[in-house]
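The values are calculated or read from the model by the stated rules, or taken from the named source; none is laboratory data. Since the model is a prediction, treat every value here as computed from it, not as a measurement. For neighbour counting, all protein chains shown are included, and Cβ atoms are generated from backbone atoms with ideal geometry for every residue, glycine included. Only protein heavy atoms, including side chains, enter the accessible area calculation; ligands, DNA and RNA are left aside. Shrake-Rupley method; radii C 1.70, N 1.55, O 1.52, S 1.80 Å.
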Amino acid sequence: MYASLLLTFLSHYAGWPRWQPKTLIRAMSVSLMSMILILFFIYFYWKREGLHQISDGLMISLFGVTLMATRGLRDWMIQIALPLTLFAAGAFMLDVPLRGLMPFLFGPTIMLVIGFLTSEALRNLSINQFLTKQSLRQLATTDQLTGLMNRHAFLPLIRHEMNRSRRSKRHSLSVILADLDHFKHINDRYGHDVGDQVLRETTVRVTASLRQQDVVCRWGGEEILIMLPETTADNALNVADKIRLAMADAPITTNRGQIHQTISLGVARFHGEQHPENLINRADEALYLAKDTGRNRAVLAPPPGQSPPRTNRSVRLLLTGAP
């Protein structure tokens, strides 16, 4: 017991030995249980007049150890069941009558049950609190309709990636802003339930076209914003066209039948902008150009400060059969 206490203080204040806290707690619990049970044996054989005090100590020890068994049944088996099993084996080997032990073990046994139930209640409460916090965090960072990240959660990530690209000079960064074509017509004609189905299926097709490291966000309404780390402008355009084809090549099945839904996309490469809004605004301008020139296409925004000539290579339209 004293050795485990010494190890606890050394670990806490000196950082040695580098044991995990749960290991020290288990060592303390087993030491405490072993010490009080050994004392119980000693007093049972040689000092019966002090046995009631030891029984009270055993009661307190059992309650304390059960409360330290915060990780559930596994800890309970190590910290309590193991010392009690050794105690029972020792009693059997020394031919200690169980009838003689029971009056002194009745109170500790009751306290063991109470402590175990209290420990389990506290553990379940802690788990429920953790799950509640996780649910609230998910609600705060996730769009409930599509399951995509929302704007609030997306902005810190793109700021981090912009800073990384700015420092490295070698890591390209691109974004895609996508918008469903004539989506208001879907809601007006078929209702918002069908519109929600179209948005969810769009989410599935968009995410299926991306890599694991790409980040997708529902930017607002039917707009989807995609961050592509370590992606050049040409590669980002290829990704945008892949998304466009995924939408245009197959109709979406809804409760009101199949709906042919296309998507327009604006692509912008990071050129050292200080704020995410500047980069996203460039993608938004390219998206408007895609809308103005016929929809169902992807447009690359030119570098900051340059106007977007529609025939220049810097603004490439990706559309099968486009002029």
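Within region 277-288, does at least one residue satisfy the condition of being assigned to a loop (DSSP other than H, G, I, E, B) and touching a residue at least 24 places away in the same chain (Cβ under 8 Å)? Among the residues of region 277-288, not one is assigned to a loop (DSSP other than H, G, I, E, B) and touching a residue at least 24 places away in the same chain (Cβ under 8 Å), which makes the answer no.
Which ones in region 180-207 are in a loop (DSSP other than H, G, I, E, B) and open to solvent by less than 60 Å² (accessible area, probe 1.4 Å)?
We begin by selecting, within region 180-207, every residue in a loop (DSSP other than H, G, I, E, B); these are 181-182, 191.
Correct list: Asp181, Gly191.
So, in region 151-163, how many residues would count as being surrounded by fewer than 19 Cβ atoms within 10 Å (Cβ to Cβ) and at pLDDT 90 or above? Result for region 151-163: 6.
Taken residue by residue, region 123-142 has no member that is surrounded by 12 or more Cβ atoms within 10 Å (Cβ to Cβ), at pLDDT 75 or above and touching a strand residue (DSSP E or B) at 6+ places or on another chain (Cβ under 6 Å).
Quick check, is Leu287 touching a helix residue (DSSP H, G or I) at 6+ places or on another chain (Cβ under 6 Å) and either within 30 Å of Arg170 (Cα to Cα) or modelled with pLDDT of 95 or more (or both)? In short, no.
Within the option set Arg256, Arg269, Arg295, being open to solvent by 40 Å² or more (accessible area, probe 1.4 Å), touching a strand residue (DSSP E or B) at 6+ places or on another chain (Cβ under 6 Å) and either among the aromatic types (Phe, Trp, Tyr) or farther than 20 Å from Ser165 by Cβ (or both) holds for one residue only, Arg295. Screening Leu245 against (1) touching a strand residue (DSSP E or B) at 6+ places or on another chain (Cβ under 6 Å); (2) under 19 Å from Leu210 (Cβ atoms); (3) open to solvent by 20 Å² or more (accessible area, probe 1.4 Å) leaves a single unmet condition, (1). Within region 230-242, the residues that satisfy the criterion of being open to solvent by 40 Å² or more (accessible area, probe 1.4 Å) and of a type in the set (Asp, Glu) are Glu230, Asp234.
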